[in-house]
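Step one of this worksheet: look at the structure below.
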Amino acid sequence: MLSSMLPPEDDAARPAAKEPAPPPDPAQAGAPSRGNRPTLAELRAVSQPDTVVGRRNSEHWAGMYLRKGSIHLTRLLLPTGISANAVTWLMIVVGFAGALVLAIPGWWPVIAAAVLIQLHILVDCSDGEVARWRNQHSTAGVYIDRVGHYLVESLLPIALGVHLDGGPGSVGGWTTVGALVAVVVILKKSFGDLVHVARTYSGWPKMSEDAELAAPRSGGLRSLRGLLRFFPFFRAFGAIEFTLILAVLATVDLVLRLAGLEAAAPGGGWWSVGDQLAYEAVLRAWMVLAIPLSLATAAGYLLSILASNRLRRP
């Protein structure tokens, strides 16, 4: 199924990497630092410029609604004196908490994990806003941000496997399946970052966000890539998308169980709610489907990179 192997966006399935801003203008080097209690209008003008909000590779959900909330979070964080890098670490902690909660069996943990991952990406938006307001441009911050997304997005499939095995202390076959999916997720993410590594090793300039650069050279592949915009399955392993899908499927499982159409297995423990572990047939089916789907997504991403001009001399 070739059409399933050509994701249309360069990095649409993951949050866009933080980009270090250029050094400040020497003419402004002596300018006083900005205060910690800006108005929303002042903060938005500096921390959410069109060059950031309108980026082609900007995080899908951030553009839809998260940045509307992140600017308020940023305004609350500024008076505390917290650094941009510390906000990035907070983002990682929140995402890690989401994965830990997901490992607990039951419907509520899945919903709670989805909420925590929303907060995870909200804080992810805020760290860059703090950095832009304070003019704190850190290569270490970019690196920590990327490590955080690798960790969280790979932990989520593993946590789902633990969830399906019965929770902490019941690691088994589903956890193994989750770990396999996590490896593929990490590989897929590395394919995009390795483009920048290869270009840097070759002494080439930083890759622009020109859509033409990421588009396949072949007209046929361009057409297939365009069609996939209507079936964006390649987004399924981003942190927000993954947990939202799980929330929907877990709710379907809950409805089936309440209707007496889905069995429950004996089990339980301190990590479960009640004496029965839900079978969660729909979630199990999704986990099985995640193996070929993640492989197709990773293979398609690699093919889309090789078929584009991203690795051609500028």
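All of the numbers you see were taken from the coordinates with simple rules; none came from a lab. Just so it is clear, the model here is predicted, and its values are computed rather than measured. In this analysis, Cβ positions are derived from the backbone assuming ideal geometry, glycine residues included, and neighbour counts consider all displayed protein chains.
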### Message
Can you give me the C-alpha center-to-center distance between region 186-210 and region 86-103, rounded to a whole angstrom?
### Response
27 Å
### Query
³J(HN,Hα) across region 188-196 via Karplus (A = 6.51, B = -1.76, C = 1.60, θ = phi - 60°), whole Hz, x for Gly/Pro?
4, 5, 5, 4, x, 5, 5, 4, 5
### Query
Can you give the FRET efficiency for Leu261 and Tyr65, using 1/(1 + (r/R0)^6), R0 = 25 Å, r = Cβ-Cβ distance, to the nearest 0.05?
0.15
### Task
May I ask you to order 291-298, 306-313, 65-72 by the average number of other C-beta atoms within 10 Å around their residues, highest value first?
291-298, 65-72, 306-313
#### Entry: Formal net charge of residues neighbouring Pro38 (Cβ-Cβ distance under 13 Å; K, R +1; D, E -1)
+4
### Charge context of Thr80, other residues only, Cβ under 13 angstrom, K/R +1, D/E -1
+3
### Message
Students often check this: by mean Cβ neighbours within 10 Å, which of 94-102, 194-202 ranks highest, and how do the rest follow?
### Response
94-102, 194-202
### Query
Given the C-alpha centroids of region 156-173 and region 130-150, what is the distance between them in whole angstrom?
32 Å
### Query
Measuring from a point 7 Å past the Cα of Ser202 along Cα-to-C-beta, which residues in region 294-314 have an amide N at less than 14 Å?
305-314
